[in-house]
Amino acid sequence: MRNQLGGLPMDARFTAEQEEIRRTVRELLLKRCGPEEVRAAVGTGEGHDAALWAAFGEQLGLPGLALPEAYGGVGCSLTELALAVEELGRALAPSPLLSTSVLVAPLVLALGTEAQRAELLPRVASGELTAALAVPGPSLGVALALTGDNRGEWAGGGRAGGVQARRVEGGRGGWRLYGEVGQVLDGHSAGVLVVAAHAGGFARSRTLLFVVRGPAAAPGLVRARQTSLDETRSQARLELRDVEGELLGIDDGGGGEVLEALSGVGEGAAAVLAAEAVGAADRALERTVAYVRQREQFGRPIGSFQAVKHRLADVYVQVQAARSAAYYAAWAAAGDGKRERVGGLALAQALEALRIAAGEGVQLHGGIGFTWEHEAQLYFKRAAGDELLFGPVHRLRGRAADVAGVFESASESASESASESESESASEYEYDSGSGDREEVRG
């Protein structure tokens, strides 16, 4: 089955290798990441199962799945990574894969010097090194240009607050970082941080990225794990007090390259996050269907009632539509910028599907669905937590519409229609005047 989308051919079938990646990840998670294991993992200091993370690196090569072979990676595309992460979404597996391999590694690959790539990426690919992206501001979605233009106020110096960078002359030289950042995914346990900071003061501010090593190498760094709505996504608050930072890449004096790289990483991250949300929504639906087949009211399973069937059928349609959008977004994001940028739209549809699937799951499970002991609440919190971090949905769609020029096209069409209407009215008046009737044509 081949489709022609955006002028480029897309093969909608998965290869045998892609199906094998999906199957292998699912089998490992079924064995080692059930509901009880998830609860135990989020209660650890790291917020994830260190042994499972090691297995991801040693057995599956998952941290380096989309990294080039030259840096120790597997050399696959974003499509394969999205398929693997979809399985993590089904299990709600807490892991630093998103922060390390989806957010930080592509930035190092895009902006880092050859020495920085050679130092960091092989350790990331093996799973030895975890990483976190720390960006100031109210939303990670804005920094990644998913819910707004990251060239606007977010990149505008003192107005954005956050972290300031100061170049140190003489001695060892380098840069020093000052400020605070909240909601940093896996920031409390990451072996290395990539921090977005403003340099140049208020009037000539530019955004740069800095590599900050672990606490042993950064005595002024204070990291504290935050209580988050979604326990399976560990978050931290960072305080940087005269912390040494190594500039990622080179300073071109403008900061435009950094913002462009963040936008590109955001497109890929949105596609992967969409696949993860689809996996979670699909699993929430599966659990709910299994439950309504067993729970009985009035002497029969509630799943046999037409109203319940209709509600679950609607959820199924939402999940399947979101899955198609996520797969297409992953395929498009793997096209080196030659295809449509639809990651934000796919993420909006997937988050909406997850919210609906998780909400119906809680409702149709009845009283037990509201309890702390049941896993239905975990899927509901994942849906709400992801919207807080990367959304909300209406802003994802609004940003996609802005990028596509939807509102500009509508405005131009309205202006053209108004001009045509005025021309027609003027012609009618002139015609009537020429016939000798001096009264203005009305209506």
Say whether the condition of being more than 22 Å from Leu378 (Cβ to Cβ), surrounded by fewer than 21 Cβ atoms within 10 Å (Cβ to Cβ) and either in contact (Cβ under 8 Å) with a residue 12 or more places away in the chain or touching a strand residue (DSSP E or B) at 6+ places or on another chain (Cβ under 6 Å) (or both) is met by at least one residue in region 77-94. yes
From the list Ala54, Ala70, Ala115, which one is surrounded by fewer than 17 Cβ atoms within 10 Å (Cβ to Cβ), more than 22 Å from Glu17 (Cβ to Cβ), out of contact with any helix residue (DSSP H, G or I) (no Cβ under 6 Å at 6 or more places or on another chain) and free of Cβ contacts under 8 Å to residues at least 12 places away in the same chain? Ala115
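Would you confirm whether or not region 228-236 contains a residue that is farther than 30 Å from Glu375 by Cβ, touching a residue at least 40 places away in the same chain (Cβ under 8 Å) and not hydroxyl-bearing (Ser, Thr, Tyr)? Lay out the reasoning, then the answer.
Within region 228-236, the first condition is being farther than 30 Å from Glu375 by Cβ, and the residues that meet it are none.
No, that holds for no residue.
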Considering (1) outside the structural domain of Ala41 (by TED's automatic domain parsing); (2) within 13 Å of the chain's Cα centre (by Cα); (3) over 18 Å from Thr232 (Cα atoms), say which one Ala82 fails and leave the rest. (1)
Restricting to region 146-174, what's the tally of residues that are buried (at least 19 other Cβ atoms within 10 Å of the Cβ) and modelled with pLDDT of 90 or more? 5
Identity of the residue in region 287-319, of a type in the set (Phe, Trp, Tyr) and part of a helix (DSSP H, G or I), that ends up farthest from the chain's Cα centre (by Cα): Tyr291
Can you find a residue in region 320-328 that is under 18 Å from Thr79 (Cα atoms), outside any strand (DSSP E or B) and of a type in the set (D, E, K, R)? yes
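Taking the condition touching a Leu at 6+ places or on another chain (Cβ under 6 Å), basic (Lys, Arg), closer than 18 Å to Val135 by Cα and surrounded by 15 or more Cβ atoms within 10 Å (Cβ to Cβ), does Arg223 pass? First the steps, then the outcome.
Working: touching a Leu at 6+ places or on another chain (Cβ under 6 Å): yes; basic (Lys, Arg): yes; closer than 18 Å to Val135 by Cα: yes; surrounded by 15 or more Cβ atoms within 10 Å (Cβ to Cβ): yes.
Considered against the rule, which asks whether it is touching a Leu at 6+ places or on another chain (Cβ under 6 Å), basic (Lys, Arg), closer than 18 Å to Val135 by Cα and surrounded by 15 or more Cβ atoms within 10 Å (Cβ to Cβ), Arg223 comes out as yes.
Could you check region 115-129 and list, in sequence order, the residues that are on the phi < 0 side of the Ramachandran plot and not in a helix (DSSP H, G or I)?
Step one: filter region 115-129 for residues on the phi < 0 side of the Ramachandran plot, giving 115-126, 128-129.
Listed by number, the residues that qualify are Glu128, Leu129.
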What is the one condition in (1) of a type outside the set (Gly, Ala, Ser); (2) closer than 28 Å to Ala325 by Cβ; (3) surrounded by 15 or more Cβ atoms within 10 Å (Cβ to Cβ) that Glu286 does not satisfy? (3)
Please note which helices (runs of 4 or more DSSP H) are completely contained in region 1-114 and include at least 1 residues that are of a type outside the set (Asp, Glu) and within 22 Å of Phe390 (Cα to Cα). 35-42, 78-91, 105-111
Output the residues belonging to region 20-44 that are touching a His at 6+ places or on another chain (Cβ under 8 Å) and more than 11 Å from Ala93 (Cα to Cα). none
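Restricting the search to region 230-254, which residues are on the phi < 0 side of the Ramachandran plot, of a type in the set (Gly, Ala, Ser) and either in a strand (DSSP E or B) or crowded, with 17+ Cβ neighbours inside 10 Å (or both)? Can you show your working first?
Step one: list which residues in region 230-254 are on the phi < 0 side of the Ramachandran plot, which gives 230-241, 243-248, 250-252, 254.
Of the ones still in play, those that are also of a type in the set (Gly, Ala, Ser) are 234, 236, 245, 254.
Once the filter is applied, which keeps residues that are on the phi < 0 side of the Ramachandran plot, of a type in the set (Gly, Ala, Ser) and either in a strand (DSSP E or B) or crowded, with 17+ Cβ neighbours inside 10 Å (or both), region 230-254 yields Ser234, Ala236, Gly245.
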If you check Ala358 against the conditions, is it farther than 27 Å from Ala66 by Cα, in contact with a Lys or Arg (Cβ under 8 Å, 6 or more places away or on another chain), hydrophobic (A, V, I, L, M, F, W, C) and in contact (Cβ under 8 Å) with a residue 40 or more places away in the chain? yes
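Would you point out which residue out of Ala400, Ala376 is at pLDDT below 95, in contact with a helix residue (DSSP H, G or I) (Cβ under 8 Å, 6 or more places away or on another chain), more than 22 Å from Thr232 (Cα to Cα) and buried (at least 21 other Cβ atoms within 10 Å of the Cβ)?
Details: Ala376 fails: more than 22 Å from Thr232 (Cα to Cα).
That would be Ala400, the only listed residue that is at pLDDT below 95, in contact with a helix residue (DSSP H, G or I) (Cβ under 8 Å, 6 or more places away or on another chain), more than 22 Å from Thr232 (Cα to Cα) and buried (at least 21 other Cβ atoms within 10 Å of the Cβ).
From Gly391, Gly366, Gly361, grab the single residue that is at pLDDT below 95, within 30 Å of Glu37 (Cα to Cα) and either buried (at least 22 other Cβ atoms within 10 Å of the Cβ) or of a type in the set (D, E, K, R) (or both). Walk me through it before giving the result.
Working: Gly366 fails: either buried (at least 22 other Cβ atoms within 10 Å of the Cβ) or of a type in the set (D, E, K, R) (or both); Gly361 fails: at pLDDT below 95.
Selected residue: Gly391, the only one of Gly391, Gly366, Gly361 that is at pLDDT below 95, within 30 Å of Glu37 (Cα to Cα) and either buried (at least 22 other Cβ atoms within 10 Å of the Cβ) or of a type in the set (D, E, K, R) (or both).
The values are calculated or read from the model by the stated rules, or taken from the named source; none is laboratory data. This structure is a prediction, so every number in the text was calculated from the model and none was measured. So basically every Cβ, Gly included, is an ideal-geometry build from the backbone, and we count neighbours across all protein chains shown.
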